[in-house]
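Enquirer: Quick one: this structure, given as structure tokens, is what I'll be asking you about.
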Amino acid sequence: MTISPLLQNALLQDVAPYTLAGFSAFREVVDTDGAVPALYKALFAAVAAIDRRHHVLAERELARGAGLGLKLDEAVSGLIVLASLRGEAAAQDFSSILERVYGAPPQHDPKPLPEAAPGEAQENFVSYFGNVPPPLKQLLRLCPRAADGYYLMRRGSIDANPLTPKYGELLLLAILAAGYSPMAATHVRGARNAGATDAEIAEAVLCAVPAAGIAAWMAVGGMLAPPEEGGIAC
């Protein structure tokens, strides 16, 4: 288990034992095997930290995952998802951390990039979402090339991710929880459809707490309630 520097903070130890006790409980969930293995939770915590621009925390969490046996190709899934959800700068930040933790990657000639066939993006949107969400409908109408780009990145984040679809969805949820994003609702459904239990979803969301605080849980936790209590139906 990682010892968080916050738990060693002398001011909090003297003045706020309840705060430290509560934070320690969250860290116990994130740092140990539970519904989700600890090595994947370390990865989830690292990408959530990148979302909040907490690079020192991200590197510490990724190094913890590597120490637990997280493989490089599994860790690269964080780079894939960050490139899609948070863009170029966040992805480059995580790429630098990957290199420091795992070493420089081997150099090789670039491979040809895949292309989307006509109609493939729309077909994928309907298959995954059940329909074409309004923002994507307008992207298809106004800028089809960007719609293809969205489809290809979405496919890379889930279908072609080195992680299984279930863990790929849970990784997406950790990032979205860190950003308090309503987009998490889509990936709660996606995680369930990929076979994740609500306990696994809960632990993935809680991996955002070290970087984003308990507000990360408050942004997403209600989505796991039964539908009659306002939660998301499967």
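Enquirer: Is any residue of region 71-110 close enough, with backbone N under 16 Å, to a label point placed 7 angstrom from the Cα of Arg53 along the Cα-Cβ axis, and if so, which?
Expert: The answer is 86-94, whose backbone nitrogens lie closer than 16 Å to the label point.
Enquirer: Separate question: In nm, to one decimal, how far is the modelled label at Met183 from the one at Ala16, with both set 7 Å along Cα→Cβ?
Expert: Output for this residue pair reads 3.0 nm.
Enquirer: Once R0 is set to 30 Å, what does the formula 1/(1 + (r/R0)^6) return for the Cβ-Cβ distance between Arg145 and Ala89, expressed as a FRET efficiency to the nearest 0.05? Spell out each step's value before the answer.
Expert: Details: r = 23 Å, r/R0 = 0.75.
Using R0 = 30 Å, I get an efficiency of 0.85.
Enquirer: Over all alpha-carbon pairs of region 82-169, lay out the pair-distance distribution in 10 Å bins, whole %, shortest bin first.
Expert: Whole-percent P(r) values from 0 Å outward: 14, 38, 34, 13, 1.
Enquirer: Which ³J(HN,Hα) values, rounded to whole Hz and listed in residue order, are derived for region 227-234 from phi using the Karplus coefficients 6.51, -1.76 and 1.60 in 6.51 cos²θ - 1.76 cosθ + 1.60 with θ = phi - 60°, glycine and proline given as x?
Expert: Running phi through 6.51 cos²θ - 1.76 cosθ + 1.60 with θ = phi - 60° gives x, 5, 9, x, x, 8, 6, 5 Hz.
Enquirer: Run down the lysines and flag those whose C-alpha is under 26 Å from the C-alpha of Lys111, throwing out any fewer than 8 positions away in its chain.
Expert: Lys71
Enquirer: What FRET efficiency comes out for Leu6 versus Asp198 if R0 is 22 angstrom and r is the Cβ-Cβ distance? Round to the nearest 0.05.
Expert: Numbers: r = 28 Å, r/R0 = 1.28.
The formula returns an efficiency of 0.20 here.
Enquirer: Would you work out what percent of the accessible area of the chain, with all protein chains in place, is carbon or sulfur (probe 1.4 Å)? The partial results should precede the final answer.
Expert: Details: 7020 of 11940 Å².
Heavy-atom surface of the chain belonging to carbon and sulfur, 1.4 Å probe: 59 percent.
Enquirer: Nearest 10 degrees, 0 to 90: what angle lies between the long axis of helix 38-51 and the longest principal axis of the chain (Cα atoms)?
Expert: 80
Enquirer: I would also like to ask the following. Could you state the angle between the C-alpha long axis of helix 120-129 and the longest principal axis of the C-alpha atoms of the chain, as a value from 0 to 90 degrees rounded to the nearest 10?
Expert: 50
Enquirer: On a 1.4 Å probe surface of the protein chains, which of Cys143, Cys234, Cys207 comes out largest in accessible area, and what is the full order? Please report the intermediate quantities before stating the final value.
Expert: Details: Cys143 60, Cys234 130, Cys207 0 Å².
Ranked list, largest accessible area first: Cys234, Cys143, Cys207.
Enquirer: So, one more: Could you report the chain's accessible area per residue, 1.4 Å probe, as an integer in Å²?
Expert: Details: 11940 Å² over 234 residues.
Averaged over the residues of the chain, the accessible area is 51 Å².
Enquirer: How would the chain be classified by its alpha-carbon gyration tensor: rounded, prolate or oblate, with rounded meaning a/c under 1.5 and the a/b versus b/c comparison settling the rest?
Expert: Working: a/c = 2.14, a/b = 1.36, b/c = 1.57.
In terms of gyration-tensor shape, oblate.
Enquirer: When all C-alpha to C-alpha distances in region 12-65 are sorted into bins of 5 Å, what percent of pairs does each bin hold, rounded to whole numbers?
Expert: Calculated P(r), rounded to whole percents: 5, 21, 21, 21, 18, 11, 2.
Enquirer: Around Asp93, with a cut-off of 12 angstrom between Cβ atoms, what is the net charge of the other residues, counting Lys and Arg +1 and Asp and Glu -1? Could you put the intermediate results ahead of the total?
Expert: Details: positive: Arg52, Arg53, Arg86, Arg100; negative: Asp51, Glu59, Glu88, Glu99.
Residues close to Asp93 contribute a combined charge of 0.
Enquirer: Could you go through region 192-209 in sequence order and give the Karplus-derived ³J(HN,Hα) for each residue, using 6.51 cos²θ - 1.76 cosθ + 1.60 with θ = phi - 60°, rounded to whole Hz, and x for Gly and Pro?
Expert: 3J(HN,Hα) across region 192-209, in whole Hz: 4, 5, 8, x, 6, 7, 5, 5, 5, 4, 4, 5, 4, 4, 5, 5, 7, 5.
Enquirer: Once every DSSP H run of n ≥ 4 in the chain is given -39500 (n - 2.57) and the sum is divided by its residues, what mean residue ellipticity at 222 nm do you get, rounded to the nearest 500 deg cm²/dmol?
Expert: For the chain, the value works out to -20000 deg cm²/dmol.
Enquirer: Which value, in Å² and to the nearest 10, is the accessible area of Ile158 when all protein chains are kept and the probe is 1.4 Å?
Expert: Ignoring ligands and nucleic acids, Ile158 comes out at about 10 Å².
Enquirer: Sketch the reach of a paramagnetic label on Ser127 as a point 7 Å from Cα along Cα-to-Cβ, and name the residues of region 61-104 whose backbone nitrogen lies under 17 Å away.
Expert: none
Enquirer: Express the C-alpha Rg of region 27-131 as a ratio against the empirical globular expectation 2.2 N^0.38 Å, rounded to two decimals.
Expert: On the way: Rg = 16.2 Å, N = 105, 2.2 N^0.38 = 12.9 Å.
Compared with the compact-globule rule of thumb, region 27-131 sits at 1.26.
The values are calculated or read from the model by the stated rules, or taken from the named source; none is laboratory data. Please read these numbers as outputs of a predicted model, since none were measured by experiment. Cβ atoms come from the backbone with ideal geometry, glycine included; neighbour counts cover every protein chain shown. Protein only, heavy atoms only, side chains kept; ligands, DNA and RNA dropped before computing areas. Shrake-Rupley method; radii C 1.70, N 1.55, O 1.52, S 1.80 Å.
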